[in-house]
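The values are calculated or read from the model by the stated rules, or taken from the named source; none is laboratory data. Quick caveat, the model's predicted, so the values are computed rather than measured. Here Cβ is always computed from backbone atoms with ideal geometry, including for glycine, and neighbour counts include all displayed protein chains. Please note that ligands, DNA and RNA were not included when accessible areas were found on the heavy atoms of the full protein model with its side chains. Shrake-Rupley method; radii C 1.70, N 1.55, O 1.52, S 1.80 Å.
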Amino acid sequence: MSGIEKIQVVVTNIVRLNELVTRFEFKRTDGKLLPTFSGGAHTVVEMQDGEITRLNPYSLMSDPMCQRAYAISVRRDDEGRGGSLFMHNKVSVGDNMVISYPINLFSLDLRAKKHLFIAGGIGITPFLAQIKQLDRFNGYWNLHYSCRSESLGSYVDELTDQHPNETHVYYDDKDQQIDLVKLLEGQPLGTHVYVCGPKGMIDWVCNTASKEGWPREAIHYEEFLAPKPGKPFEVKLAVSGKVIQVGEQESLLEAIEREGIDAPYLCRGGACGQCETAVIDYAGNFIHRDHWLGEDEHKSGQKIMPCVSRFEGKILVLDR
Amino acid sequence: MTIQFNDETFRDDYSFFNSERAIKRFPFPFHEDSYMYSVNMEQHRGGPVDSIYEKRFDVDEHYVAEMRDRALVLADDPLRCQSLPHMTLAGWDLLELIMVTKSEDYPDLFKLHRDGNKWRWVNKPLGIDDKFVFLDETTLPYGPMEYITRQAQGDFCVLDQRDDNLWMDAGMVTTQADWSLDFDIGMNFFEWHAPVPLAHEKGIFVRALKFLLNIQQGAPARRLNWTMTVNPLLDTSPENYHKWGIQKTTLTPKNIGAKQHLRVELQTFFRLPRSNGLVFPIRCYLCSFQDIMTVPKWGRRLHRVIRDLPEELATYKGFIDNRPMMLEYLKNFDDGLPTSLGIWPEIDTEPKLQK
Ligand code: HEM
Ligand code: FES
């Protein structure tokens, strides 16, 4: 039972922001209002890509109070399995699509005296919604946003226009770097730090903040892994009594769903823990890519997160 | 269905009563002849017509009297309603959830008119017609959570979700089974459940929390819980234990059928969209033993459950001393015939009492 409510939407606007990033806007097909949400929430977009159904999570970046339309921004990933390419190349204004209700795995801690946002590249999107939410209630925030170059700086203009004092932008090609230690040391008591961006950046911020003595509860991060392609493999599903093949371009979770089995998930990015599946038997090697299971669990050979992790070997039997 | 609201009390003269309709829709909590704690959660997506599961927030004949009782409790002890400063947005979420669902589910009782942030709320049973600005506390007589929960049956815990846990950071708690919001405020899921016997060892709370953290917008869940109360008291709080604890000793073989009540809580869980909090309404239903015995299946089953209940549970639920007297009474309604699975009364298909 995946238990996620779906919404039928129509694509009402597509805006190309730069070479890599495009924004998509959705309204409900039935003309009714969309649910409100909280800043940091994502939606899972269903894509009918030929034979394959892809379900990719994208942060909602529109105003959480606005119920007329949702917006997401998608970064094209030429090496990925094609979800972002599908959005960029195959989706047009007027298309009907199915998205999930908002799901928030990266919400604001509303107790914070100050919210310090650190974004890398497309990791800016959840903060756009959080900033709109905080502005509405006079929340106190600062943003430090690192982009590759001026031409790839999605939403930089909008942010610096509307929030010149809160927004700080750093360009890689100009060798500008966030002076993280100094930044963290200068924060008032009760500040929470939030980071969203590439894995390296998340680790850097989390580790530095811990070393600087920040409490674990005051450090928040969100990283969606996109499932990576890999060698095909065979899986036996013990509960449903099926033997299925996982193709090169699909995830284990997608292969299970393709067989009509309703498996649980929320983030589809190795973060939420919802898809955790017990391994009954195996001979071979796991390619664990999630950040839900601990190192011990990865080594134990007893669990796998099928949304992002794969397997290479002869036998894999799952409790599903 | 139009509802006739009872003129009744839950204190002093205890004029509380259940109509025949209320007995038939009473949420009898045992789906089989025995009971143990379990992760008994299911989706809250309606149920049989006129059952307490049908609507998202059940409104019944006790509504007006319960709201009167809540106002009395609050006048005595304002700490029954608390909301930490960061929970105001969740309070608005709750107000919106209740107003929207009640006006949709009971259009003849409740009306909500929205023009942007200018809202008008009409509550006919309580004679309320208020205009206010959504998200502006200064336009309501109380904070948003207190305002709406003075108009909604059952207790409400409003939980903040952070650090993979739930925190009891706000609530309106006046009809509770012997626990205190003032004591639990600010605690997390494991801390406030600490007094519960056996369930921790069985891993129930770890699994239950995992389920709750993943409850999504638009996909509420529910479960039933139960205990025993002597006299139809809503407010069985630790704060007032000195008043109601002694009433347990007034039970006699003669008055037990009328005085002893099975107390059932319909607990529901809704994700709150704007705050990402979770609300946990705990709706209390009371039914006297003698009213329960009018349903033969329930009579047979209640005897078996109470007889076989582990001592730890009977102690925690506070009726271990009265259990022998209860069994003396209940055994008269158990003829040993088998019972059908499920909680529904099945008056037409289950055999009459063979005694
Ligand atoms: C966030 C939602 C919940 C809240 C706010 C909540 C709150 C409470 C409180 C305040 C108590 C009384 C503890 C005491 O003696 O002081 C309690 C008891 C208990 N809770 Fe929860 N609870 C929640 C969810 C759950 C869930 C999902 C389960 C699922 C198994 C559960 C199982 C129990 C059990 C078995 C008891 C003992 C009840 C009895 O025997 O009468 N709770 N809960
Ligand atoms: S679906 Fe979230 S970890 Fe797999």
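Here are some notes:
- Nearest 10 degrees, 0 to 90: helix A:125-136 Cα axis against chain A principal axis: 50
- Cα centroid separation - region A:126-204 against region B:229-270, whole Å: 56
- Burial order of peptide ranges B:19-26, B:245-252 (average beta-carbon count within 10 Å, highest first): B:19-26, B:245-252
- Residue mean of other protein chain beta carbons inside 10 Å, A:101-111: 6
- Cut-off under 5 Å, modelled amide H: who pairs with A:Met97 long-range: A:Val9, A:Val10, A:Val11
- Contact surface A-B: accessible area buried, both sides summed, square angstrom, 1.4 angstrom probe: 2100
- Between region A:84-105 and region B:1-19, the Cα center-to-center distance that results, in Å: 53
- In the protein assembly as shown, the C-alpha radius of gyration followed by the widest Cα-Cα span (Dmax) gives 27.6, 91 angstrom.
- Largest accessible area first, the listed residues A:Val243, B:Val230 line up as A:Val243, B:Val230 when surface is computed with a 1.4 Å probe on the assembled protein chains.
- Amide H to amide H distances under 5 Å link B:Gln260 with B:Asn231, B:Phe289, where only residues 5 or more positions off or on other chains count and H is placed in the peptide plane.
- Heavy-atom accessible area order for B:His200, B:His44, largest first, 1.4 Å probe: B:His200, B:His44
- Computed over neighbours whose Cβ is under 10 Å from that of A:Leu237, the net charge equals +1, Lys and Arg +1, Asp and Glu -1.
- Within region A:1-42, the residues that become at least 20 Å² less accessible when every protein chain is included than when their own chain is isolated (1.4 Å probe; DNA, RNA and ligands ignored) are A:Met1, A:Gly3, A:Glu5, A:Thr36, A:Phe37, A:Ser38.
- Here is how the number arises for the protein assembly as shown: DSSP H runs of 4 or more residues each give -39500 (n - 2.57), the sum is divided by the residue count, and the result at 222 nm is -6500 deg cm²/dmol.
- Packing, as the average of other Cβ atoms within 10 Å across residues, places the peptides B:327-335, A:245-253 in the order A:245-253, B:327-335, highest first.
- Apportionment of accessible area to carbon and sulfur, region A:152-206, percent (1.4 Å): 48
- Rounded to the nearest 20, the Cβ-based charge dipole of region B:20-333 about its Cα centre (Lys and Arg +1, Asp and Glu -1) stands at 960 debye.
- Per-residue SASA entry for B:Asp13, accessible area with 1.4 Å probe, Å² rounded to 10: 110
- Overall, the anisotropy analysis places region A:114-222 in the oblate class: the square-rooted eigenvalues a ≥ b ≥ c of its C-alpha gyration tensor yield a/c not less than 1.5, with a/b not exceeding b/c.
- Per-residue SASA remark: B:Trp92, around 0 Å² accessible (1.4 Å probe; ligands, DNA and RNA not included).
- Relative intensity, log₁₀ I(q)/I(0), of chain B from a Debye sum that treats every alpha carbon as a point, q = 0.06, 0.11, 0.12 Å⁻¹: -0.22, -0.76, -0.91
- Note on A:Lys174: accessible area approximately 110 square angstrom, rounded to 10, probe 1.4 Å, nucleic acids and ligands left out.
- Heavy-atom accessible area ranking, 1.4 Å probe, most first, across A:Tyr282, A:Tyr194: A:Tyr282, A:Tyr194
- Reachable aspartates and glutamates from A:Lys303, criterion Cα separation under 19 angstrom, eight or more residues apart if same chain: A:Glu234, A:Glu254, A:Glu257, A:Asp262, A:Glu276, A:Asp281, A:Asp290, A:Glu295, A:Glu312, A:Asp319
- Per residue value of the accessible surface for region A:114-222 (all protein chains in place, 1.4 Å probe), Å²: 48
- Per-residue 3J(HN,Hα) values for region B:178-189, derived from phi via the Karplus relation 6.51 cos²θ - 1.76 cosθ + 1.60 with θ = phi - 60°, read 6, 9, 10, 5, 4, 6, 8, 4, x, 7, 9, 3 Hz in sequence order (x marks Gly and Pro).
- For peptides B:109-122, A:142-155, B:65-78, sequence by mean Cβ density within 10 Å, most packed first: A:142-155, B:65-78, B:109-122
- Cα long-axis angle, helix A:199-211 against chain A (0 to 90 degrees, to the nearest 10): 60
- With protein chains left intact and a 1.4 Å probe, residues in region A:263-320 average 42 Å² of accessible area per residue.
- Solvent-accessible area, 1.4 Å probe, carbon plus sulfur percent, for region B:216-355: 57
- Cα gyration tensor category, rounded, prolate or oblate, for region A:1-74 with a/c compared to 1.5: rounded
- Residues of region B:262-281 that bury at least 20 Å² of accessible area once all protein chains are present, compared with their chain alone (1.4 Å probe, heavy atoms only, ligands and nucleic acids left out), are B:Pro273, B:Arg274, B:Ser275, B:Asn276.
- Counted by Cβ distance under 11 Å from A:Gln48, the other residues give a net charge of -2, where Lys and Arg count +1 and Asp and Glu count -1.
- Radius 10 Å from Cβ of A:Phe286, net charge of other residues (Lys, Arg +1; Asp, Glu -1): +3
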